Amino acid sequence: MRASCLGLASCAVCNQLMRLPARRTGLCPRCGSQVYVRKPASLSNSWALLLAAVIMYFPANLLPIMTVMYLGSGQPDTIISGVIRLMMHGDWPIALVVFVASVLVPLLKMIVLLYLLLSVHRKSTFRRRERTRLYRMTELVGRWSMVDVFVVALLAALVHLGVLADITPGPGARAFAAVVILTMLAAMSFDPRLIWDREEDCQ
Amino acid sequence: MPDGSAGRNDTRELVACHQCDELQYIGVLAPGQSVRCYRCDALLARNPAGGLLLPILLNLGALLLMLLAYFLPFLTLEIQGRLQTTTLPGTAKALYEAGMGETGIVVLLTTVIGPVVLVTGSLYVLLGVKLYRPLPGLRHIMVWIGHVLPWGMLDVFMVGVLVAAVKLSDMANLVVGPALYAYVALIVVSTAALSLFEPHVIWARMDRMGVWYRAR
């Protein structure tokens with residue numbers, strides 16, 4: 001039996017179960033947080049944040065994340081060109097790590113969130129357990145995309161030797177950090193309990 | 001939770017899965033045991049082995065390592081005899097100086113402020129619970145820890161260090177600073193501390209201490 005069917009809700013912060021009629025809100029007696037039966041405006045918040053992430057995904061990939069100048073010559077690097085450079089250099093394992101963290105994970109995460117949102121709108125009952133598992137994976141894996149932002153920060157801090165060598169961060173890194181944060185927030189606003197909500201189940 | 005929210009004298013606790021809302025009872029967990037939701041397989045609760053003393057010591061250790069990791073030289077770059085050194089927070093400062101202050105703040109929050117809040121916060125809460133003292137703000141700090149948890153990215157930054165090292169490998173020599181050793185130890189210690197910090201157990205303990213927002 002679902003808690004919401006019995007007019008119960010659990011606190012998102014401390015998991016305390018409390019009596020709370022549908023669409024009502026109250027303070028958790030244990031930790032004082034605001035408790036909702038479902039995350040408020042979960043779908044619209046999640047859609048908005050996902051849309052913002054998709055929009056930022058373009059500048060994140062098209063703009064340079066940094067410019068490397070070495071002995072007077074150099075060129076701006078985007079995320080993809082950085083991966084290609086590592087590959088051409090023969091650093092396959094590291095190229096793979098960057099590709100997975102910076103290209104694959106954000107893309108898959110946005111696709112999964114899109115799929116989960118659409119499936120909830122369609123009131124789908126297809127493989128709910130697996131869809132919940134999919135949601136857990138996107139929550140778990142999202143933070144690892146921040147790798148490239150850290151790489152840019154490290155290189156910008158280390159390589160400042162004038163004409164000899166100089167690395168300046170580019171606006172792509174800012175957009176990319178925004179994508180990572182926006183997708184994390186979109187996943188946090190999504191309420192996986194919506195996957196399981198069906199009127200019939202309360203009877 | 002023997003004497004907690006389920007009330008009465010039941011040793012079982014009624015909980016709703018936070019991922020599918022299914023009501024279910026969980027019994028008293030043996031140390032090292034965890035339970036998953038029978039319907040959606042989400043983790044419902046764990047009872048980490050090791051009690052409270054071990055995570056207290058680990059968090060203390062993490063706090064000391066943070067002093068070393070954040071203030072000592074992290075990496076030094078050497079190109080044709082010229083040197084450039086950075087600390088870990090210096091990476092955020094470099095972004096700020098390049099006109100990307102917002103990105104710098106993101107780096108600072110995820111690698112310094114977030115981890116510091118998590119380590120000091122959980123240390124404070126663990127001490128309060130271990131000493132059975134309702135220290136001021138216990139509840140608020142527990143709530144804060146929950147909010148900050150996803151934003152601590154010490155481990156992710158380590159991968160960034162590896163990638164940066166490879167990218168610089170044929171341009172320059174990299175000298176590992178003392179802070180980097182402390183930082184690697186910090187990842188191990190703080191990850192262990194966090195894995196032994198189970199909010200479910202802490203809240204149940206605080207129930208018994210009478211740390212409630214509102215008396216029932």
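The values are calculated or read from the model by the stated rules, or taken from the named source; none is laboratory data. Since the structure is predicted, the reported quantities are computational estimates derived from the model, not experimental observations. Backbone-built Cβ (ideal geometry, glycine too); neighbour counts: all protein chains shown. Ligands, DNA and RNA are excluded from the accessible area calculation, which covers all protein heavy atoms including side chains. Shrake-Rupley method; radii C 1.70, N 1.55, O 1.52, S 1.80 Å.
Please give me, ordered by residue number, the chymotrypsin sites (Phe, Trp or Tyr not before Pro) of segment A:121-194 that lie in loop per DSSP and have at most 14 other Cβ atoms within 10 Å.
Qualifying residues, ordered by number: A:126.
Can you list the residues in segment A:26-63 whose accessible area drops by at least 20 Å² when all protein chains are present, compared with the chain alone? Use a 1.4 Å probe, heavy atoms only.
With the partner chains in place, segment A:26-63 has these residues losing at least 20 Å²: A:27, A:29, A:30, A:31, A:32.
Just tell me how shielded A:7-13 is by partners: mean number of partner chain Cβ atoms within 10 Å of each residue's Cβ, no decimals.
Going residue by residue through A:7-13 and averaging, the value is 4.
Treating the beta-carbon of each Lys and Arg as +1 and of each Asp and Glu as -1, no other charges, what is the dipole magnitude of the protein assembly as shown about its Cα centre, to the nearest 20 debye?
For this selection, approximately 1560 debye.
Would you please state which residues of segment A:164-191 a label at residue A:43 would reach in this model, taking the label point 7 Å out along Cα→Cβ and a backbone N cut-off of under 19 Å?
A:186-191
Using every pair of alpha-carbon atoms in segment B:48-209, split the distances into 5 Å bins beginning at 0 and state the percent of pairs per bin, rounded to integers.
Histogram of Cα-Cα distances, whole percents per bin: 2, 8, 16, 19, 17, 13, 9, 7, 5, 3, 1, 0, 0.
What is the dipole size for segment B:73-187, taken about its Cα centre, with +1 at each Lys and Arg Cβ and -1 at each Asp and Glu Cβ, in debye to the nearest 20?
Dipole about the Cα centre, nearest 20: 460 debye.
Run the 1.4 Å probe and let me know the accessible area of residue B:100, rounded to the nearest 10 Å².
We get 10 Å² for residue B:100.
Assuming R0 = 22 Å, what is the FRET efficiency of residue A:25 and residue A:123, from their Cβ-Cβ distance, to the nearest 0.05?
FRET efficiency, residue A:25 to residue A:123: 0.35.
Calculate for the protein assembly as shown the 222 nm mean residue ellipticity that helices alone would give, adding -39,500 (n - 2.57) per DSSP H run of length 4 or more and normalising by residue count, nearest 500 deg cm²/dmol.
-16000 deg cm²/dmol
Determine the relative contact order of chain A: mean sequence separation of Cα pairs under 8 Å and six or more apart, normalised by residue count, in whole percent.
Reported relative contact order: 31 percent.
To test your reading of the geometry: what angle, between 0 and 90 degrees and rounded to tens, separates the Cα axis of helix B:154-168 from the longest principal axis of chain B?
Roughly 20 degrees between the two axes.
With a probe of 1.4 Å, find how much accessible area the protein assembly as shown has per residue, and write the answer as a whole number in Å².
With all protein chains present, the protein assembly as shown gives 45 Å² per residue.
Buried accessible area between A and B (1.4 Å probe, both chains summed, ligands and nucleic acids excluded), in Å² to the nearest 100?
Summing both sides, the interface buries roughly 6100 Å².
Give me, ordered by chain and number, the residues 5 or more places off residue B:44 or on other chains with an amide H under 5 Å from its own placed amide H.
B:35, B:36, B:37
Could you point to the residue in A:94, A:114, A:183 farthest towards the positive end of segment A:41-202's charge dipole, with +1 and -1 charges on the Cβ of Lys/Arg and Asp/Glu respectively?
After comparing all options, I get A:114.
Can you list the HN-Hα couplings for segment A:67-83, worked out from phi with the Karplus curve (6.51, -1.76, 1.60; θ = phi - 60°), rounded to whole Hz and with x for Gly and Pro?
Result, rounded to whole Hz: 10, 9, 10, 9, 6, x, 10, x, 8, x, 10, 8, 4, 5, 5, x, 5.
So, counting K/R as plus one and D/E as minus one, what does the shell of residues with Cβ under 15 Å around residue A:144 add up to?
Summing Lys and Arg as +1 and Asp and Glu as -1 gives 0.
Round to the nearest 10 and report in Å² the accessible area of residue B:155, as given by a 1.4 Å probe over the protein chains' heavy atoms.
My reading of the accessible area for residue B:155 is about 40 Å².
Would you calculate the separation in nanometres between label points at residue A:115 and residue B:176, each defined as 7 Å from the Cα along the Cα-to-beta-carbon direction?
4.0
With all protein chains present, how much of the accessible area of the protein assembly as shown (probe radius 1.4 Å) comes from carbon and sulfur, to the nearest whole percent?
Using a 1.4 Å probe with all protein chains present, the protein assembly as shown comes out at 67 percent carbon and sulfur.
Calculate the length of the line joining the C-alpha centroid of segment B:149-197 to that of segment A:145-170, in whole Å.
Cα centroid to Cα centroid, the span is 16 Å.
Over 17 Å apart: what share of the alpha carbon pairs of segment B:1-117 falls there, rounded to a whole percent?
73
Through the Karplus equation 6.51 cos²θ - 1.76 cosθ + 1.60, θ set to phi - 60°, convert the phi angles of segment A:127-139 into ³J(HN,Hα) values in whole Hz; use x for Gly and Pro.
Running phi through 6.51 cos²θ - 1.76 cosθ + 1.60 with θ = phi - 60° gives 6, 5, 4, 5, 5, 5, 5, 4, 4, 4, 5, 5, 5 Hz.
I'd like the Karplus ³J(HN,Hα) series for segment B:176-181: coefficients 6.51, -1.76, 1.60, θ = phi - 60°, whole numbers in Hz, and an x wherever there's a Gly or Pro.
Coupling constants for segment B:176-181: 6, x, x, 5, 5, 4 Hz.
How large is the accessible surface of residue B:132 in square angstrom, using a 1.4 angstrom probe and rounding to the nearest 10?
Per-residue accessible area (residue B:132): approximately 130 Å².
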